[in-house]
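Q: Sharing a structure with you now.
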Amino acid sequence: MLKIAVSACLLGEPIRYDKTGQRDRFITDKLGKYASFIPFCPEHLAFGTPRETIRIVLEERHKNVITVFSKNDVTQAMNDAVAQELHKIQNEAICGIILKSKSPSCGLGSTKYYMKEMSEGKKDGLFAFTCKEHFVDFPIEEEARLIDPWLRENFVMQLFAYEDALQLQKNIKTMQELVSFHTAYKFLLQSKHEGNYRLLGKIVANHEKNSLQEITQMYLALFKKTIAYKGSIGKTVNVLQHMVGFFKKELNSSEKAELHMQIEEFRDEITPLISVMSTIEFLVKKYNTTYLLGQKFLNPYPKDLSLRSMIQEGK
Ligand code: SF4
């Protein structure tokens with residue numbers, strides 16, 4: 001089960017300034033089947049609920065937190081609450097963070113900043129900024145961006161891969177386990193970053209005869225960086241062609257033609273990825289191509305999240 005830190009209001013908790021929540025059904029109903037949530041709300045911790053709204057006001061590079069109507073400077077209380085909530089989520093084995101957009105605390109690039117009374121553009125909210133500083137190469141998104149099917153697919157893939165990395169880190173006992181992990185992730189890594197995928201292969205080959213602990217540490221650091229890259233139609237097509245190349249000798253001519261056509265239609269954004277993947281999976285099972293059967297790229301997350309069924313999932 002995944003463990004994800006989430007802005008409490010997105011879970012439906014009536015914790016916003018006006019005592020409302022803003023439940024996000026994708027998070028609670030879809031991801032909720034596979035995840036437990038660690039809720040956080042720095043503003044509730046600092047000021048209780050209901051509360052006066054706040055905004056971030058820039059003054060000579062300092063971020064001051066000011067209440068909108070009474071104009072009180074509440075920066076210290078807010079910074080203390082951010083530190084406490086950060087400490088809370090750092091103590092959990094989380095594999096991702098989902099933040100509420102536009103909030104002065106939680107917005108991820110969508111928080112309005114002010115200088116005097118004038119808007120100064122959009123940046124990260126205070127808690128989002130702190131999370132990004134402390135959780136490097138980590139799955140972090142805000143719910144508004146997850147409406148985009150491409151970002152959602154990439155984020156969920158990253159969440160599940162990150163969780164696998166945490167489990168490996170916790171349980172690994174032999175070099176063979178690292179080799180098997182890398183083997184299963186080969187095509188997925190290739191679909192993210194070809195150069196890093198090759199470097200990861202070199203790390204696993206371990207020509208320098210480093211200890212298992214050193215190798216695992218090196219490998220997982222680059223693995224986490226690699227899965228943070230976004231996929232693209234071009235990179236995905238490349239991987240699909242590699243997969244087909246793997247068992248093309250077994251395929252008859254009509255199967256080859258069908259796969260070729262489906263990959264082209266995916267490239268031209270006529271067919272969603274799920275169609276190609278289903279055909280590949282069907283043929284992989286038909287010809288019992290064991291190496292491909294174990295590839296995470298075929299099933300990076302539970303199928304019922306249905307994240308590869310829209311054309312907009314490719315970019
Ligand atoms: S956006 Fe963040 S600070 Fe605001 S209510 Fe939701 S969890 Fe609390």
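Computed from the coordinates by the stated procedures, all read-outs in this text should not be read as laboratory data. The structure displayed is predicted, hence computed values, not measured ones. With ideal geometry, Cβ positions are generated from the backbone for all residues, glycine too; neighbour counts draw on all protein chains shown.
Q: Return the residue satisfying two criteria in turn: it lies in segment 134-183 and is over 12 Å from the mean Cα position of the chain (by Cα) and among the hydroxyl-bearing types (Ser, Thr, Tyr), and of such residues it is farthest from residue 9 (Cα to Cα).
A: Checking each candidate, the answer is 174.
Q: Can I ask one more? Where residues in segment 83-131 are assigned to a helix (DSSP H, G or I), over 13 Å from residue 5 (Cβ atoms) and in contact with a helix residue (DSSP H, G or I) (Cβ under 7 Å, 6 or more places away or on another chain), which of them is farthest from the ligand (Cβ to nearest atom)? Can you show your working first?
A: Keep residues of segment 83-131 that are assigned to a helix (DSSP H, G or I), which gives 83-90, 126-131.
Restricting the remaining residues to those that are over 13 Å from residue 5 (Cβ atoms) gives 83-84, 126, 129.
From the residues that got through so far, the ones that are in contact with a helix residue (DSSP H, G or I) (Cβ under 7 Å, 6 or more places away or on another chain) too are 84, 126.
Working: 84: 13, 126: 9 Å.
Per the stated criteria, the residue is 84.
Q: Which of the residues spanning segment 132-151 are away from the ligand (no atom under 16 Å from the Cβ) and touching an Asp or Glu at 6+ places or on another chain (Cβ under 8 Å)?
A: Of everything in segment 132-151, those that are away from the ligand (no atom under 16 Å from the Cβ) and touching an Asp or Glu at 6+ places or on another chain (Cβ under 8 Å) turn out to be 149, 150, 151.
Q: Testing residue 51 on (1) closer than 27 Å to residue 28 by Cα; (2) surrounded by 13 or more Cβ atoms within 10 Å (Cβ to Cβ); (3) in contact (Cβ under 8 Å) with a residue 60 or more places away in the chain, one condition comes back false. Which one is that?
A: Status for residue 51: all satisfied but (3).
Q: Same structure again: Looking at segment 132-150, which of the residues that are part of a helix (DSSP H, G or I) and either touching a residue at least 40 places away in the same chain (Cβ under 8 Å) or of a type in the set (Lys, Arg) (or both) is nearest to residue 186 (Cα to Cα)?
A: 150
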